[in-house]
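**Student:** Sending over a structure as structure tokens; questions will come in a sec.
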Amino acid sequence: MSLEAALRAAVGASQVLVDPELRAPYETDFTGRFTGTARCVVRPAGTAEVAEVLRACAAEGAPVVIQGGNTGLVGGGVPAGGEVLLSLARLAELEPVDQAAGAVTAGAGVRLAGLQAHARTAGLDFGVDLAARSAATVGGLVATNAGGIHVLRHGSMRSQVTGVEAVLADGTVLTRLAGLAKDNTGYDLSQLLTGSEGTLAVLTRVRLRLVPLAAQLAVALVGVAGTKEALDLLAVARQRLPSLQAAEICYADGLALVREHNRLPAPFRELHPAYAVLECAGTSPAASAAGSASAGTDPMDELLEALADAPAVLDATVAADSAGRARLWAYRESLTEAVNAAGVPVKLDVCVPPGALPGVVAALPETVAGVEPAARTIVWGHLNEANLHINVLGAQQRAEQVTEAVLRLVAANEGSISSEHGVGRAKARWLPLSRSPAEIAAMRRIKQALDPAGLLNPGVLLPA
Ligand code: 2HG
Ligand code: ZN
């Protein structure tokens, strides 16, 4: 039996896509930078079908690329050429919220926005949020250990994962979904697979911790003089705002691009070199109505007081209602889309020690211009984690050189070459800038043990 016939037997003929037109949406990433032809696209409906697909591919020695919502930014979920593309979109089962545990079990194909809505209906929330919420899937978020805007409060995906179900390259199913609060029975395979970028196993279901639902939210967009001043503001906010859950940064050029793309008004009468977005969440619904300190403080009162006492604030505008909050967040959250509309970007997602942030931001234009003088570098990021998203437009022809120059700058400042997007294909070559030879050798031994034929996501994460 041919591989295609075995795959059809596993998932049903209608879920094996060989027609180029049907395959096309799966073969190119969101930015348009990474693209490759898949042998076929296979869309299983559950763990047993995933296991059958992997057994069939293993029998033939066929490499497999794993895809969730195709919102990845490092080329880790699109084929390099000739692989079977395993789409997990149909693994979309969402179990009822377990109130006793404050947790939920979700299929790998569940979209983040669906998970959030599900948790909120049960009076809880999910601790990770990011702009691609409507398309990004739980499996991809776990596989890349995604971060987003609430890491400050709840940590990355790793902090939410308490168990997984996964299928190894040979079709073996590992199920550990109880999500016990305490469980010291050997290697934590769920955490090993979190952030492994589909190179060790295929995640099919995950057990996720939920967090309290915010009863009140307050958002501020703040104009500041630069990166250093944004960090000064953050220091005050961290000290004064126990309710702080997001602290983001963008700059004048990015804000101008977003305004142009989304036709948004200027947030302030004057332009400022940099802008911070702060978000506070209060969990006590009675706070403002009761007006008593014991009922908790309204996050807006807290936020306004902190802003008034922060010398770095040049201008600020705040919102507590949902439309107003969305209006302020749009200046930050539309950046990816606005950059994409302007061209195919070379994207670098890096993390540096906070003290190095102003120097690295200041050095970026010259670093990029040294490789591609005509390029346009738009920078924004998660201020609290000193996580920068460096988007370079007009440099696609020199993507490798730009990547090399920026990642070397980051490594020289003791940063990480991947903060929250993963290594993927985009940065595999540069992994030695962030990991020692001994660490990479140990990673290879783990890969060899779980996927000896190297069939899962070849070329992703580990350098060839
Ligand atoms: C963000 O925080 C996302 O906006 C996307 O991680 C970053 O598009 C990017 O470079
Ligand atoms: Zn981000």
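The values are calculated or read from the model by the stated rules, or taken from the named source; none is laboratory data. What you are looking at is a predicted structure, and each value in this text was computed from that prediction instead of being measured. Cβ sites come from the backbone with ideal geometry, for glycine too, and all protein chains shown count toward neighbours.
**Student:** Return only the number of the condition from (1) at pLDDT below 95; (2) of a type outside the set (Ser, Thr, Tyr); (3) buried (at least 18 other Cβ atoms within 10 Å of the Cβ) that MET1 does not satisfy.
**Tutor:** It is condition (3) that MET1 fails.
**Student:** From the list GLN401, GLN396, which residue is away from ligand 2 (no atom under 16 Å from the Cβ), of a type in the set (S, T, N, Q) and out of contact with any Asp or Glu (no Cβ under 9 Å at 6 or more places or on another chain)? Quick ask: steps written out before the conclusion?
**Tutor:** Values: GLN401 fails: out of contact with any Asp or Glu (no Cβ under 9 Å at 6 or more places or on another chain).
Exactly one of GLN401, GLN396 is away from ligand 2 (no atom under 16 Å from the Cβ), of a type in the set (S, T, N, Q) and out of contact with any Asp or Glu (no Cβ under 9 Å at 6 or more places or on another chain), namely GLN396.
**Student:** So, one more: Could you tell me whether any residue of the stretch 410-417 is part of a helix (DSSP H, G or I) and away from ligand 1 (no atom under 16 Å from the Cβ)? Talk me through it step by step, then tell me what you get.
**Tutor:** First, the residues of the stretch 410-417 that are part of a helix (DSSP H, G or I): 410-412.
Next cut, away from ligand 1 (no atom under 16 Å from the Cβ) only: 411-412.
Yes, the conditions are met somewhere in the stretch 410-417.
**Student:** Within the stretch 124-132, does at least one residue satisfy the condition of being within 19 Å of GLY459 (Cα to Cα), outside any helix (DSSP H, G or I), of a type in the set (A, V, I, L, M, F, W, C) and within 16 Å of ligand 2 (Cβ to nearest atom)? Even if it seems obvious, please write down each step before you answer.
**Tutor:** Quick first cut of the stretch 124-132, residues within 19 Å of GLY459 (Cα to Cα) only: none.
No - not one qualifying residue is present in the stretch 124-132.
**Student:** Let me ask something else about it. Please indicate, with yes or no, whether at least one residue in the stretch 249-262 is surrounded by fewer than 16 Cβ atoms within 10 Å (Cβ to Cβ), among the hydroxyl-bearing types (Ser, Thr, Tyr) and in contact with a strand residue (DSSP E or B) (Cβ under 7 Å, 6 or more places away or on another chain). Walk me through how you get there before you give the answer.
**Tutor:** To start, the set of residues in the stretch 249-262 that are surrounded by fewer than 16 Cβ atoms within 10 Å (Cβ to Cβ) comprises 252-253, 256, 260, 262.
Filter once more, keeping what is among the hydroxyl-bearing types (Ser, Thr, Tyr): none.
No, the stretch 249-262 contains no residue that is surrounded by fewer than 16 Cβ atoms within 10 Å (Cβ to Cβ), among the hydroxyl-bearing types (Ser, Thr, Tyr) and in contact with a strand residue (DSSP E or B) (Cβ under 7 Å, 6 or more places away or on another chain).
**Student:** From the set of residues in the stretch 137-167 that are free of Cβ contacts under 8 Å to residues at least 40 places away in the same chain and not in a helix (DSSP H, G or I), which is nearest to ALA237 (Cα to Cα)?
**Tutor:** Among residues in the stretch 137-167 that are free of Cβ contacts under 8 Å to residues at least 40 places away in the same chain and not in a helix (DSSP H, G or I), the one nearest to ALA237 (Cα to Cα) is GLY155.
**Student:** Go through (1) touching a residue at least 60 places away in the same chain (Cβ under 8 Å); (2) outside any loop (DSSP other than H, G, I, E, B); (3) more than 21 Å from VAL423 (Cα to Cα) one by one and return the number of the condition PRO25 breaks.
**Tutor:** (1)
**Student:** Oh, and also: Of the numbered conditions (1) surrounded by 20 or more Cβ atoms within 10 Å (Cβ to Cβ); (2) without any contact (Cβ under 8 Å) to a residue 12 or more places away in the chain; (3) not β-branched (Val, Ile, Thr), ARG425 satisfies every one except a single condition; which is it?
**Tutor:** The single condition ARG425 does not satisfy is (2).
**Student:** Tell me, which residue of the stretch 94-136 that is farther than 29 Å from GLU248 by Cβ and free of Cβ contacts under 8 Å to residues at least 40 places away in the same chain is surrounded by the fewest Cβ atoms within 10 Å (Cβ to Cβ)?
**Tutor:** The qualifying residue surrounded by the fewest Cβ atoms within 10 Å (Cβ to Cβ) is ALA100.
**Student:** Next question. Criterion first (within 16 Å of ligand 2 (Cβ to nearest atom), under 23 Å from LEU168 (Cα atoms) and surrounded by 20 or more Cβ atoms within 10 Å (Cβ to Cβ)) does GLY68 satisfy it?
**Tutor:** On the way: within 16 Å of ligand 2 (Cβ to nearest atom): no; under 23 Å from LEU168 (Cα atoms): yes; surrounded by 20 or more Cβ atoms within 10 Å (Cβ to Cβ): yes.
The answer is no for GLY68.
**Student:** Yes or no: GLU4 assigned to a helix (DSSP H, G or I) and out of contact with any strand residue (DSSP E or B) (no Cβ under 9 Å at 6 or more places or on another chain)?
**Tutor:** Numbers: assigned to a helix (DSSP H, G or I): yes; out of contact with any strand residue (DSSP E or B) (no Cβ under 9 Å at 6 or more places or on another chain): no.
The answer is no for GLU4.
**Student:** Consider only pairs whose beta carbons are under 7 Å apart and that are at least six residues apart or on different chains; among these, list those whose first residue lies in the stretch 268-285 and is of a type in the set (Asp, Glu) and whose second residue is part of a strand (DSSP E or B).
**Tutor:** Once the first residue is of a type in the set (Asp, Glu) and sits in the stretch 268-285, its partners that are part of a strand (DSSP E or B) give GLU270/ASP315; GLU279/LEU217; GLU279/VAL219; GLU279/GLN245; GLU279/ALA246.
**Student:** Under 30 Å from ALA58 (Cα atoms), surrounded by fewer than 22 Cβ atoms within 10 Å (Cβ to Cβ) and without any contact (Cβ under 8 Å) to a residue 60 or more places away in the chain, is that true of ALA464? Spell out the reasoning first.
**Tutor:** Working: under 30 Å from ALA58 (Cα atoms): yes; surrounded by fewer than 22 Cβ atoms within 10 Å (Cβ to Cβ): yes; without any contact (Cβ under 8 Å) to a residue 60 or more places away in the chain: yes.
Criteria met by ALA464.
**Student:** Evaluate the stretch 439-452: report whether one residue or more is assigned to a loop (DSSP other than H, G, I, E, B), modelled with pLDDT of 95 or more and either in contact with a Phe, Trp or Tyr (Cβ under 7 Å, 6 or more places away or on another chain) or buried (at least 16 other Cβ atoms within 10 Å of the Cβ) (or both). Working first, answer last.
**Tutor:** First pass over the stretch 439-452, keeping only residues assigned to a loop (DSSP other than H, G, I, E, B): 451-452.
Filter once more, keeping what is modelled with pLDDT of 95 or more: 451-452.
Then drop every residue that is not either in contact with a Phe, Trp or Tyr (Cβ under 7 Å, 6 or more places away or on another chain) or buried (at least 16 other Cβ atoms within 10 Å of the Cβ) (or both), which leaves 451.
Yes; the residues of the stretch 439-452 include at least one that is assigned to a loop (DSSP other than H, G, I, E, B), modelled with pLDDT of 95 or more and either in contact with a Phe, Trp or Tyr (Cβ under 7 Å, 6 or more places away or on another chain) or buried (at least 16 other Cβ atoms within 10 Å of the Cβ) (or both).
**Student:** Additional query: Looking at VAL318, VAL344, VAL352, which one is within 16 Å of ligand 2 (Cβ to nearest atom) and in contact with a helix residue (DSSP H, G or I) (Cβ under 8 Å, 6 or more places away or on another chain)?
**Tutor:** Values: VAL318 fails: within 16 Å of ligand 2 (Cβ to nearest atom); VAL344 fails: within 16 Å of ligand 2 (Cβ to nearest atom).
After applying the criteria, what remains is VAL352.
**Student:** I need the full set of residues from the stretch 426-464 which are under 19 Å from LEU203 (Cβ atoms) and of a type in the set (Lys, Arg), in order please.
**Tutor:** LYS447
**Student:** Now for a separate question. Working carefully through the options ARG207, ARG153, find the one that is more than 26 Å from GLY454 (Cα to Cα) and within 16 Å of ligand 1 (Cβ to nearest atom).
**Tutor:** After ruling out the rest, the residue left standing is ARG153.
**Student:** Has the stretch 285-296 got any residue that is modelled with pLDDT of 95 or more and either surrounded by fewer than 19 Cβ atoms within 10 Å (Cβ to Cβ) or over 30 Å from GLU95 (Cα atoms) (or both)?
**Tutor:** Narrowing the stretch 285-296 to residues modelled with pLDDT of 95 or more: none.
The answer is no, given that none of the residues of the stretch 285-296 is modelled with pLDDT of 95 or more and either surrounded by fewer than 19 Cβ atoms within 10 Å (Cβ to Cβ) or over 30 Å from GLU95 (Cα atoms) (or both).
**Student:** In the stretch 390-418, which residues are surrounded by fewer than 24 Cβ atoms within 10 Å (Cβ to Cβ), under 19 Å from the mean Cα position of the chain (by Cα) and within 22 Å of GLY226 (Cα to Cα)?
**Tutor:** If the condition is that a residue be surrounded by fewer than 24 Cβ atoms within 10 Å (Cβ to Cβ), under 19 Å from the mean Cα position of the chain (by Cα) and within 22 Å of GLY226 (Cα to Cα), then GLY415 is the only one that fits.
**Student:** Being closer than 17 Å to ASN340 by Cα and assigned to a helix (DSSP H, G or I) is the filter here; which residues of the stretch 231-272 pass it?
**Tutor:** ASP253, GLY254, LEU255, ALA256, LEU257, VAL258, ARG259, GLU260, HIS261, ASN262
**Student:** Moving on to the next point. Specify the residue that is nearest to ASN145 (Cα to Cα); the eligible residues are those in the stretch 90-111 that are in a strand (DSSP E or B) and touching a helix residue (DSSP H, G or I) at 6+ places or on another chain (Cβ under 6 Å). Can you show your working first?
**Tutor:** Of all residues in the stretch 90-111, those in a strand (DSSP E or B) come to 94, 98, 103-107, 111.
From what is left, the residues that are touching a helix residue (DSSP H, G or I) at 6+ places or on another chain (Cβ under 6 Å) are 94, 106.
On the way: LEU94: 20, ALA106: 16 Å.
Only one residue tops the list, namely ALA106.
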